Amino acid sequence: MTKNKPVVRFTCPMPQTDFDTITIGHGSGGKLTRRLLDTMVFPLLNNEWLAGQGDGAVLNLHGRMAVSTDSFVVSPVFFPGGDIGDLAINGTVNDLAMCGAQPDFISLSFILEEGLPITELWEILLSIRNACDAAGVRVITGDTKVVERGKGDKIFINTTGIGRVHHGAKLGEAMVRPGDKVIVSGPLARHGIAIMSIRKGLEFETQILSDTRPLHEICRSLLYGYGGGIRMFRDPTRGGVATVLHEIADKARLGIDLDEKHIPVEDEVAGACEMLGLDPMYVANEGLFITIVDDGLAADILGDLQRWEHGAGAAIIGTITENHPGTVILNSAIGGKRVLPLITGEQLPRIC
């Protein structure tokens with residue numbers, strides 16, 4: 001099993017500026033915008049594509065490519081284990097990874113709120129740089145806009161990612177078969193609870209950190225090792241594991257039987273969910289993925305996942321079935337069964 005390469009985090013003192021906060025003028029496209037980009041953004045993220053500083057970039061592409069776009073509106077923008085900067089890069093990288101792609105390029109657009117401290121923007125930019133270095137992706141174009149104070153919640157980020165699809169990746173609900181196993185790569189709900197703990201002022205014996213991280217290396221390793229035995233990948237971000245499994249069951253026109261006693265949830269996360277009245281099955285994750293795999297390969301795939309540096313909590317949590325198509329059934333740890341419903345609203349606002 002290939003391990004992620006150790007990453008040396010890039011550090012750099014914030015350059016001197018003659019402004020302490022973002023102003024409306026920084027979104028004008030004029031002198032202030034140019035000073036912001038030339039002082040902070042371009043030097044930090046520079047590469048041969050971004051050096052042109054145009055509204056787009058010209059790429060030489062070949063073979064099957066994956067493209068994904070996303071927007072990030074997390075509140076607060078700094079949370080235990082990460083911030084909106086690395087969340088945006090990792091989230092985009094992972095959307096490509098779920099397609100079986102190796103991420104290569106990202107576009108990066110900011111909507112900044114008037115009054116955002118420059119020191120906070122610099123910290124977010126450093127996180128972006130380090131997340132890009134860790135994932136091996138390059139920011140090739142972008143945009144910056146500023147909205148009036150009170151209308152933007154500090155910063156929103158929009159991204160588009162482009163990556164090359166692995167030659168052995170034939171992924172999607174159409175590939176799922178009865179008898180296939182459902183594997184989750186680690187414990188549920190860390191990201192959502194890390195953010196909610198800050199909002200609600202909760203304290204634990206050990207701090208719960210977001211699980212935001214890139215997943216493309218482990219996904220690529222599994223595709224190299226098992227090819228068509230990997231039916232699909234999905235990252236259970238907004239809406240959590242339950243929502244993703246509902247989508248799979250619905251699109252595959254098959255049912256899913258889950259075994260509650262095998263679903264990994266850390267004790268402190270479970271306790272926090274209980275205090276907040278939340279079901280961890282519906283809480284967002286950012287460094288977790290679900291994979292549906294061939295039954296005959298499931299034990300080997302699970303073993304490889306558990307040897308991955310972040311996979312100690314990986315588990316087989318369910319089975320694909322021809323029974324009850326479109327429905328997810330949870331076999332309770334205390335006996336009995338219940339339908340796992342699809343939530344109708346947003347359980348946790350603004351966490352990804």
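All of the numbers you see were taken from the coordinates with simple rules; none came from a lab. Values in this document were obtained by computation on a predicted structure and should not be read as measured data. Quick reminder, even Gly has a Cβ in these numbers, built from the backbone with ideal geometry, and neighbours come from all protein chains shown.
Sorted on the mean count of surrounding Cβ atoms within 10 Å across their residues, most packed first, peptides 217-227, 278-288 read 278-288, 217-227. Length available on full extension from His62 to Glu247: 0.36 nm per residue minus the Cα-Cα distance, which gives 63.5 nm. Each Lys or Arg adds one and each Asp or Glu subtracts one; over the other residues with Cβ under 13 Å from the Cβ of Arg253, this totals -2.
Distance between the C-alpha centres of region 279-314 and region 135-202: 17 Å, rounded to the whole angstrom.
When each of the peptides 99-111, 81-93, 146-158 is scored by how many other beta carbons lie within 10 Å of its residues on average, the order from highest to lowest is 81-93, 99-111, 146-158. Taking amide hydrogens as placed 1.01 Å from N in the peptide plane, the amide H of Phe105 sits under 5 Å from those of Arg138, Ile162, each at least 5 positions away in sequence or on another chain.
Can you divide the C-alpha Rg of region 24-165 by 2.2 N^0.38 Å and report the result to two decimal places?
Normalised Rg, Cα atoms only: 1.02.
Taking Cβ atoms as reference points and 12 Å as the exclusive limit, the residues near Met275 contribute a net charge of -2, counting Lys and Arg as +1 and Asp and Glu as -1. As a calculated quantity, the FRET efficiency between Val147 and His262 at R0 = 51 Å, using C-beta atoms, amounts to about 0.65.
I need the Kirkwood Rh of the chain: take the reciprocal of the average 1/r across all distinct C-alpha pairs and report it in angstrom. Mean inverse Cα-Cα distance, inverted, gives 21.2 Å.
Note on region 130-213: lysine pairs with Cα distance below 27 Å, sequence gap of 8 or more or different chains, count 4. Charge dipole (Cα centre; +1 on Lys/Arg Cβ, -1 on Asp/Glu Cβ; no other charges) of region 24-165 amounts to roughly 260 debye. Full extension of the chain between Asn47 and Lys31 gives 3.5 nm of extra length, using 0.36 nm per residue less the Cα-Cα distance. Backbone geometry of region 238-247 corresponds, through the Karplus equation with coefficients 6.51, -1.76 and 1.60 at θ = phi - 60°, to 3J(HN,Hα) couplings of 4, x, x, 4, 4, 5, 4, 5, 4, 4 Hz, x marking Gly and Pro. For the chain, averaging the sequence separation of C-alpha pairs within contact (under 8 Å, six or more residues apart) and dividing by the residue count gives a relative contact order of 22 percent. Here Lys200 and Asp55 are evaluated by their C-beta separation; at R0 = 56 Å the FRET efficiency comes out at 0.85.
Potential lengthening of the chain between Gln16 and Glu274 amounts to 88.2 nm, from the contour at 0.36 nm per residue minus the alpha-carbon distance. To the nearest 10 degrees, how steep is helix 84-97 against the longest Cα principal axis of the chain, on a 0 to 90 scale? So the inclination is approximately 50 degrees. Counted by neighbouring Cβ atoms within 10 Å, the residues Ile290, Ile24, Ile334 run from fewest to most as Ile334, Ile24, Ile290.
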